[in-house]
Amino acid sequence: MSTILYFDSVSAPLSGAERELAAAGAHFGGPVAVVGSVPDDAAVAALARAGVGRVLAAAQDPSGSLAIAQADLLLAAVRELSPRLVLAASGARETEVLARAAALSESGLITSVVGLDDELTAAKSVLAGAGRSLSRGVTATVFVTLKPGAVKAQEAEAVPTQGVEPVETAGRSGAVITSRTARARGGRPELGEARVVVSGGRGTDGDFTAVEALADVLGGAVGASRVAADNGWVGHELQVGQTGRTVAPELYVAAGVSGAVQHLAGMRTAGTIVAVNTDEDAPIFELADLGIVGRLEDVLPQAAVEIARRRA
Amino acid sequence: MSKSSSAPVRVLVLVKYVPDSQFPRHFDAGNRLSREESILSELDEYALEAALAISEAHGGEKVSPVTVLTVGPDAAAAAVKKALQMGAASGVHVSDEAIAGSDALATSRVLEAAVRRVQPDLVVTGMSSTDAEMGVIASMLAARLGWPQLTLASGDVELSDDAATLSARRDEDTEVLTLSAPLPAVLSVTDQANEPRYPNFKSILGARKKPVETLALADLGLSPELVGPGGSGVSVLEAGDAPARPAGRVIVDDGEAGVALVDFLAERNLI
């Protein structure tokens, strides 16, 4: 029985999340990668080193369109292989492609899974983190999008590569991408993958200097509450929360963030949470492993200097 | 069912009746979400605003007034009512006990049948519901209809002058895309796309006279086996409150809290 791993795109070296997905595929057995844009040789070799030797991609590169061509590719692979599982990361593009293929193959879909066991029972964090659920697909093929760390699997041994198998699809394009512009992130790690995230909220009053300085000394990413993003203090791509990014770093520092339900939904699974806020009644303190009632413009710079001093 | 060039574009907004996230939310003994204190999903207000703006920008000749559709129990009529108060011209309420407990897959079957009956040229949704939070219905529905999907639009939503082509900006994590698609199409918008309007006194009074059609499964030609738990692709085994996070400690800055913070991070090997 095969396991399909859907990647929107892959390049070498594989990211941590991509290696994790490959390991999950090897764990559940018969991993086959389906890649939404045609991968180069180095990417195919990297997948083989991570235990995935078989790679399928569209005969015509579908990356100029949104979701339809990629989903048709995935659907063709599902019909060919009849996998038990189709796995992907829980990003927006992957979720859309799996949703289309699940609907067209009349298959169950479980998104944003935080734990998937060998009986294929999927654990989810629901209701903005206030609830949890266990569910299981009841169709022959089940589509699942995974949060980081959802499958506890050893990295697989390398296998020989079989190159890329081209798959003919219907060639429907749907919505086309007429322009694309990369977003700058100032040399900091990607928010969704960062080990450390330092976020600023209303309490920064628009000044992110202390937030950025602590993020940089910790090698982390900068995040923001919805208030901070809506005020234009930082770009919306840095917004953490229900309608922004969901992050699960080892360390999350919330500075001047009150902790609205919608923000907590995006960060409550962080390993360690530190909150700095002048309001001792701020809801963020209920979630914090360490809460500091104080001014972020005092506490953060002092911490940044202290970290630099100890490392010197 | 491609759009004919002469008739005005018909716009249908899908809305959901969800528990208000300002209050504690819980599951009942059947692993279903308790639906008291429910409202029109906040994220659907952005979809309605986008539809109203398109309709108003093109006048009545190119684009018809907006219709809203919900699938839900009797009480979900409140979500339709709120949408009519905000400016939608008419409502459709699909209500049938057999639909309760449907997953996204089964819900998308109901929506496909409803859309084929209403026959819009443009379907608009929010980025996700605020209860299930999957964000997959727009994609599933577009797939079933065989229409382009212009999803997660975060701004610059525009219908061309000939009302045939839709375009929008999509802000992704690492890049910004401009998307374009011919009608008929499915559009979903994020909470960045616009500022939803508030109903005023006049629109609240006017909403009482607006027509709402109620449909059952039979009206959509769907058999009950295709919906509800039996028609779903996923079975919920358990649902409940999340375990509480162990309480942490709170200190008051005495001038040395920054150093205390570093001590704490060092204890946990985080620096």
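The Kirkwood radius of the stretch A:82-161, taken over pairs of alpha-carbon atoms, gives through the Stokes-Einstein law at 37 °C and 0.692 mPa s a diffusion coefficient of 246 µm² s⁻¹.
Which one, B:Leu14, A:Gly137, B:Gly60, is farthest towards the positive end of the dipole of the protein assembly as shown when Lys and Arg carry +1 and Asp and Glu -1 on their Cβ? Highest projection toward the positive end goes to B:Gly60. The modelled label-to-label distance between A:Asp279 and B:Gln22, using points 7 Å beyond Cα along the C-beta direction, is 1.5 nm. Take every DSSP beta bridge whose two residues both sit in chain B; close to 35 percent of them are antiparallel. The ranking of B:Ser223, A:Ser173, A:Ser107, B:Ser188 by Cβ neighbour count inside 10 Å, starting from the fewest, reads B:Ser223, A:Ser173, A:Ser107, B:Ser188. In a solvent-free Debye calculation with one equal scatterer on each Cα, what is log10 I(q)/I(0) for the stretch A:1-67 at q = 0.14, 0.22 Å⁻¹, listed in the order of the q values? Listed by q, the Debye log ratios stand at -0.36, -0.86.
Counts of other chain beta carbons within 10 angstrom of each beta carbon in peptide A:284-295 average 6.
Pair-distance distribution of the protein assembly as shown: all C-alpha pairs, bin width 10 Å, starting at 0; shares per bin in whole percent are 3, 17, 26, 27, 18, 7, 1, 0. What the phi angles of the stretch B:68-75 give under the Karplus curve with 6.51, -1.76 and 1.60, with θ = phi - 60°, is a coupling list of 10, 9, 10, 10, x, x, 3, 4 Hz, glycine and proline written as x. A straight chain from A:Ala182 to A:Ala42 at 0.36 nm per residue would run longer than the Cα-Cα distance by 48.1 nm.
Its Cα gyration tensor gives the stretch A:55-191 an equivalent ellipsoid. The semi-axes, each the square root of 5 times an eigenvalue, are 25, 21, 17 Å from largest down. Residue-normalised convex hull volume from the C-alpha trace of the stretch B:11-231: 126 Å³ per residue. Take each residue in A:305-312, count the other chain C-beta atoms within 10 Å of its C-beta, and the mean is 4.
For the protein assembly as shown, the Cβ-based charge dipole about the Cα centre amounts to some 1000 debye (Lys, Arg positive; Asp, Glu negative; other atoms uncharged).
Listed peptides A:96-106, B:148-158 appear in the order A:96-106, B:148-158 once ranked by packing, highest mean of other Cβ atoms within 10 Å at the front. Dipole magnitude for chain A: about 220 debye, using +1 per Lys or Arg Cβ and -1 per Asp or Glu Cβ, origin at the Cα centre.
Its convex hull of Cα atoms gives the stretch A:191-311 a direction-averaged projected area, equal to a quarter of the hull surface, of 6.3 nm².
With a simple spin-label model that places each label point 7 Å from the Cα along the Cα-to-Cβ direction, the separation between A:Leu120 and B:Glu213 comes to 3.9 nm. Compared with the rule-of-thumb size 2.2 N^0.38 Å for a compact globular protein, the stretch B:104-189 has a Cα radius of gyration ratio of 1.08. Taking amide hydrogens as placed 1.01 Å from N in the peptide plane, the amide H of B:Leu150 sits under 5 Å from those of B:Val186, B:Leu187, B:Ser188, each at least 5 positions away in sequence or on another chain. Distant-in-sequence amide contacts of A:Asp279, defined by a placed amide H-H separation under 5 Å and a gap of 5 or more residues or a different chain, comprise nothing. For the stretch A:90-105, putting each phi into the Karplus relation 6.51 cos²θ - 1.76 cosθ + 1.60 with θ = phi - 60° gives couplings of 9, x, 4, 5, 4, 4, 5, 5, 5, 4, 5, 5, 5, 5, 6, 9 Hz, in residue order, rounded to whole numbers and with x for Gly and Pro. Going by neighbour counts of Cβ atoms within 10 Å, the residues B:Ser6, B:Ser167, B:Ser55 line up, fewest first, as B:Ser6, B:Ser167, B:Ser55. Remark: the stretch A:153-167, residue by residue, has Karplus-estimated 3J(HN,Hα) of 9, 5, 5, 7, 6, 5, 10, x, 7, 10, x, 9, 8, x, 10 Hz, where x stands for each Gly or Pro and the curve is 6.51 cos²θ - 1.76 cosθ + 1.60 at θ = phi - 60°. For the stretch B:84-217, DSSP calls about 45 percent of its internal beta bridges antiparallel. For A:Ala254, the residues whose amide H sits under 5 Å from its own are A:Ser199, A:Val274, A:Ala275, A:Val276, ignoring neighbours fewer than 5 places away on the same chain, with H placed 1.01 Å from N. Using only the C-alpha atoms, the convex hull of chain A corresponds to 144 Å³ per residue. Rounded to the nearest 5, the antiparallel percentage of DSSP beta bridges internal to the protein assembly as shown is 30%. Note on the stretch B:90-221: with charges restricted to the Cβ of Lys and Arg (+1) and Asp and Glu (-1), its dipole about the Cα centre is near 660 debye. With a 10 Å cut-off around each Cβ of A:87-100, the average count of Cβ atoms from other chains is 4. May I ask for the angle, rounded to the nearest 10°, between helix B:77-86 and the longest principal axis of chain B, with both axes built from Cα atoms and the value confined to 0 to 90°? Long axis of B:77-86 versus the principal axis of chain B: about 80 degrees.
Every number here is computed from the coordinates shown, using simple stated rules; none is lab data. Because the structure is a prediction, the values reported are computed rather than measured. We place every Cβ from the backbone using ideal geometry, glycine too, and count neighbours over all the protein chains shown.
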